[in-house]
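Participant: This is the structure I want to talk about, given as structure tokens.
The values are calculated or read from the model by the stated rules, or taken from the named source; none is laboratory data. Here the structure is a predicted model, which means the values were calculated and not measured. Note that each Cβ is placed from the backbone with ideal geometry, even for glycine, and that neighbours are counted across all protein chains shown. Remember, those area values only see protein heavy atoms, side chains included, never the ligands or the DNA or RNA. Shrake-Rupley method; radii C 1.70, N 1.55, O 1.52, S 1.80 Å.
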Amino acid sequence: MKKKIKTYRNGEMVEIETNYIPLRYITSILIMLAETLSVLAVVILMTIYVPYFYIAVFITQFACAVSIIASKDNPDYKIPWLVVVLALPVVGFMIYFMFYSRQLSKRYIKRYKLVEDIEIKDSSKTFKQLNSVDQRAYAKAYELSKMSNSNLYQNTVIKYYPSGESYFDALLIDLAKAKTFIFMEYFIIEEGEFWNSILNILKFKARKGIDVKVIYDDIGCMTTLPGKYYKTLASYGIDAIPFSILRGQANSEFNNRSHRKITVIDNMVAYTGGINIADEYINQVEKYGHWKDVGIRLEGEAVSELTKLFLSDFVTNYRKPNLNFDNYFMNHSVENDSFIVPFGDGPSPIYKHRVAKTLLLNMLYQAKDYVYMTSPYVIIDNELVQAIENTAMRGVKIKLIVPHIPDKKLIFTMTKKNYENFIKAGVEIYEYEPGFIHAKTYISDDLYAMVGTVNLDYRSLVHHFENGVWVYRDDVVLDIKKDFEDTLDLSLKVNIEDLKSSMITRLIQSLVSLFMPLL
């Protein structure tokens with residue numbers, strides 16, 4: 001099945017034809033469905049025809065329920081699984097076995113450890129210095145570093161880009177300067193003006209002998225790239241790999257995607273933020289009105305952390321990793337006395353704690369004056385909901401900007417579910433009137449900021465591999481605040497009287513919210 005899309009190429013609007021979903025993905029999905037149905041059919045038939053087998057089924061169902069209750073998972077995640085297991089005899093616990101948690105092979109874990117265990121910095125002196133400056137900031141940074149296995153840095157200059165267009169222009173300039181290596185990892189890459197401009201540079205650099213590596217998420221690019229696009233890139237001399245390539249296995253491979261957006265150049269410069277490599281992010285193509293997104297550029301010591309994060313994903317997804325890691329961690333320092341923690345986040349067992357969620361909770365509960373947030377979605381667990389409401393009720397100004405034109409109507413309906421309680425607690429909610437805001441920025445008290453890939457939703461906070469940059473006492477915090485205020489001027493404030501909804505909408509919200517943690 002084909003679809004036609006409009007995009008810019010060489011400065012001109014052209015119409016191209018592409019598949020809705022490439023055949024490889026359709027095959028993988030059908031294999032997964034066949035595998036799942038076969039397993040369920042066998043168990044159901046045994047229940048019917050094997051004497052007393054139903055007793056084993058009952059015991060297994062009871063054991064699954066106990067296991068879910070006893071687990072350390074968030075209650076919001078436990079409840080829908082309990083409903084599935086208890087409401088669907090036989091079928092429920094089989095679905096639980098297949099999809100509850102991602103089954104990572106020992107080889108995958110071993111590869112990940114190859115990079116995770118690399119010591120790229122001794123942060124003890126930096127932590128000691130931060131402790132002498134601000135003990136509360138020290139505690140935040142230390143916990144974040146401990147949970148994400150990352151380091152605290154200084155001597156790094158940060159530049160903020162308030163639009164995809166400014167990010168794009170700066171990125172092309174830095175890519176053209178690369179001398180040793182270029183690493184790029186993105187959830188979505190789509191052929192068009194944005195990607196083709198980058199690809200021309202990557203091809204040129206690869207011909208010059210520069211090490212060029214690219215990771216793109218296999219499901220994120222399901223409808224934007226050909227099924228085996230990594231082979232096309234290989235023909236240009238680019239070492240490319242899809243993240244968690246879809247194989248049609250009946251487990252949670254549809255979850256746990258790489259939502260990361262990272263570019264690293266020569267371990268000197270790095271880019272991250274909410275921007276994927278597709279033309280709507282630079283407003284060359286209009287999908288949902290004006291697309292508002294942001295990015296940041298790091299130059300200095302902290303870049304090493306994003307280099308390490310990229311290599312961890314590359315090594316764990318590459319069949320025959322054979323890398324000399326010493327070649328990628330050349331020291332580059334730029335004088336700056338602010339404090340920075342670039343970090344990764346993701347599902348267990350790779351990450352044992354909810355890194356971004358804990359960071360956001362700390363930001364909310366320790367804020368004294370304000371917390372400003374932008375996110376395309378607000379579908380969060382009760383703990384975060386309570387944190388936002390409690391922070392507002394103790395007098396801290398909470399302002400949240402979300403889209404006015406949604407990209408997913410059902411998700412937008414679920415975002416609106418929290419509006420009434422938030423507003424009653426004192427939270428100010430604004431919708432970006434020109435279109436869709438995809439930026440993920442979190443700032444408080446003119447002191448702290450976090451910019452990265454983390455949305456206020458279950459996918460980001462529980463299921464996906466994410467990344468971000470935490471900053472303390474840097475001028476960039478005020479740059480982000482100014483952009484937030486400028487964006488606020490273009491946004492519509494949501495009032496209680498605007499929140500009328502039909503009984504059907506409320507019913508949909510209630511039903512979907514039950515299973516949203518699983519989606």
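Rundown of residues vs (1) over 29 Å from I219 (Cβ atoms); (2) out of contact with any His (no Cβ under 8 Å at 6 or more places or on another chain); (3) not hydroxyl-bearing (S, T, Y), yes/no style:
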position: P376; (1), (2), (3): no, no, yes
position: I405; (1), (2), (3): no, yes, yes
position: K424; (1), (2), (3): yes, yes, yes
position: E433; (1), (2), (3): yes, no, yes
position: I437; (1), (2), (3): no, yes, yes
position: L447; (1), (2), (3): yes, yes, yes
position: N467; (1), (2), (3): no, yes, yes
position: D474; (1), (2), (3): yes, yes, yes
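Participant: Go through (1) within 30 Å of K72 (Cβ to Cβ); (2) at pLDDT below 95; (3) in contact with a Pro (Cβ under 8 Å, 6 or more places away or on another chain) for Y288 and report which single condition fails.
Facilitator: Y288 satisfies every listed condition except (1).
Participant: Take the residues of the range 483-502 that are open to solvent by 50 Å² or more (accessible area, probe 1.4 Å) and assigned to a helix (DSSP H, G or I): which is modelled with the lowest pLDDT?
Facilitator: D498
Participant: Also, I was wondering about something else. Of the numbered conditions (1) of a type in the set (A, V, I, L, M, F, W, C); (2) surrounded by fewer than 17 Cβ atoms within 10 Å (Cβ to Cβ); (3) under 30 Å from Y318 (Cα atoms), V83 fails exactly one; give the number of that condition.
Facilitator: Evaluating V83 over (1) of a type in the set (A, V, I, L, M, F, W, C); (2) surrounded by fewer than 17 Cβ atoms within 10 Å (Cβ to Cβ); (3) under 30 Å from Y318 (Cα atoms) leaves (3) as the failure.
Participant: Condition check: open to solvent by 10 Å² or more (accessible area, probe 1.4 Å), closer than 26 Å to D474 by Cα and of a type in the set (F, W, Y). Does Y448 satisfy that?
Facilitator: Values: open to solvent by 10 Å² or more (accessible area, probe 1.4 Å): yes; closer than 26 Å to D474 by Cα: yes; of a type in the set (F, W, Y): yes.
Here the answer is yes, as Y448 does meet what is asked.
Participant: Residues R111, R107, R102: which one is open to solvent by 60 Å² or more (accessible area, probe 1.4 Å) and either modelled with pLDDT under 95 or touching a strand residue (DSSP E or B) at 6+ places or on another chain (Cβ under 7 Å) (or both)?
Facilitator: Working: R111 fails: open to solvent by 60 Å² or more (accessible area, probe 1.4 Å); R102 fails: open to solvent by 60 Å² or more (accessible area, probe 1.4 Å).
So the residue among R111, R107, R102 that is open to solvent by 60 Å² or more (accessible area, probe 1.4 Å) and either modelled with pLDDT under 95 or touching a strand residue (DSSP E or B) at 6+ places or on another chain (Cβ under 7 Å) (or both) is R107.
Participant: Please indicate, with yes or no, whether at least one residue in the range 287-294 is within 19 Å of the chain's Cα centre (by Cα), of a type in the set (D, E) and not in a loop (DSSP other than H, G, I, E, B).
Facilitator: For the range 287-294, residues within 19 Å of the chain's Cα centre (by Cα), of a type in the set (D, E) and not in a loop (DSSP other than H, G, I, E, B): absent.
Participant: How about the range 393-413: which of its residues are more than 19 Å from K287 (Cβ to Cβ), aliphatic (A, V, I, L, M) and open to solvent by 10 Å² or more (accessible area, probe 1.4 Å)?
Facilitator: M393, the sole residue that qualifies.
Participant: Going through A356, A367, A302 one at a time, which residue ends up being at pLDDT 95 or above and in contact with a Pro (Cβ under 6 Å, 6 or more places away or on another chain)?
Facilitator: Only one candidate qualifies: A302.
Participant: Could we say that F325 is buried (at least 20 other Cβ atoms within 10 Å of the Cβ) and of a type in the set (F, W, Y) here?
Facilitator: Details: buried (at least 20 other Cβ atoms within 10 Å of the Cβ): no; of a type in the set (F, W, Y): yes.
Criteria not met by F325.
Participant: Enumerate the pairs (first residue in the range 62-79 and under 15 Å from H463 (Cα atoms); second residue anywhere and assigned to a helix (DSSP H, G or I) and modelled with pLDDT of 80 or more) with beta-carbon separation below 7 Å, excluding pairs fewer than 6 apart on the same chain, so at least 6 apart or on different chains.
Facilitator: Listed pairs, sorted by first residue: D76/N382; Y77/V462; K78/I68; K78/I69.
Participant: For the range 305-322, which residues satisfy the criterion of being of a type outside the set (D, E, K, R) and either touching a residue at least 60 places away in the same chain (Cβ under 8 Å) or open to solvent by less than 10 Å² (accessible area, probe 1.4 Å) (or both)?
Facilitator: L306, T307, L309, F310, L311, S312, F314, V315, T316, N317, Y318, P321
Participant: Determine, yes or no, whether G164 is surrounded by 16 or more Cβ atoms within 10 Å (Cβ to Cβ), under 19 Å from the mean Cα position of the chain (by Cα) and over 29 Å from Y351 (Cα atoms).
Facilitator: Details: surrounded by 16 or more Cβ atoms within 10 Å (Cβ to Cβ): yes; under 19 Å from the mean Cα position of the chain (by Cα): yes; over 29 Å from Y351 (Cα atoms): yes.
Spelling it out, G164 is indeed surrounded by 16 or more Cβ atoms within 10 Å (Cβ to Cβ), under 19 Å from the mean Cα position of the chain (by Cα) and over 29 Å from Y351 (Cα atoms).
Participant: Does Y328 fit the bill of being more than 21 Å from the chain's Cα centre (by Cα) and not acidic (D, E)?
Facilitator: Spelling it out, Y328 is indeed more than 21 Å from the chain's Cα centre (by Cα) and not acidic (D, E).
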